[in-house]
1. Where in segment 3-107 are there helices (runs of 4 or more DSSP H), lying wholly inside it, with at least 1 residues that are at pLDDT 80 or above and open to solvent by 60 Å² or more (accessible area, probe 1.4 Å)?
2. Under 6 Å between Cβ atoms, at least 6 apart or on separate chains: pull out the pairs that start in segment 60-73 with a residue that is more than 13 Å from Leu87 (Cβ to Cβ) and end on any residue that is crowded, with 16+ Cβ neighbours inside 10 Å and among the polar types (S, T, N, Q).
Amino acid sequence: FFCALPPWMMASTVLMALFIFGSDGFDKMTPGTCRFWPCWRRGPVECIAGYRCMCAPGYFADYSPRTQCRPVAQAACWAVGGACFNLTHRGAPCAKQCQHATFESGAHWSCGGCVTREDLEGLAARCTACVGA
């Protein structure tokens, strides 16, 4: 396929891949934009042309429910099946249940059940150990 492309198109394809994924091979683009608000909530990022938030060199987009730029050294923790990936993705339903849980509302029972069922405490410990915090 690539052999059939003109040289200028092959070069632009490689440059685009390096721009999006970086020379380290990790995805740099976050789903966030900086058109109206700055990107700083995503971590070390740069606002690039087209109002896109791109992770700074040495960082990658973790694609957790609230995508953050993480150090490349933590990539294994955030890869699919990694401790931090599992924590953020399995914890998302519990976050909704626990957001407004109070003792008076009785919602704390479903919140606690979700945390126990999904083993969020164990996953948090494994994620913390993985990133070296």
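The values are calculated or read from the model by the stated rules, or taken from the named source; none is laboratory data. The model shown is predicted, which means the values in this text are computed figures rather than measured ones. Please note: Cβ atoms are built from the backbone with ideal geometry, for glycine as well, and neighbour counts cover all protein chains shown. Note: accessible area is taken over every heavy atom of the protein model, side chains too, but ligands, DNA and RNA are not part of it. Shrake-Rupley method; radii C 1.70, N 1.55, O 1.52, S 1.80 Å.
1. Fully inside segment 3-107 and qualifying: 75-78, 83-98.
2. Close Cβ pairs (under 6 Å, with a partner that is crowded, with 16+ Cβ neighbours inside 10 Å and among the polar types (S, T, N, Q)) amount to Ala61/Thr30; Ala61/Thr67; Thr67/Thr30.
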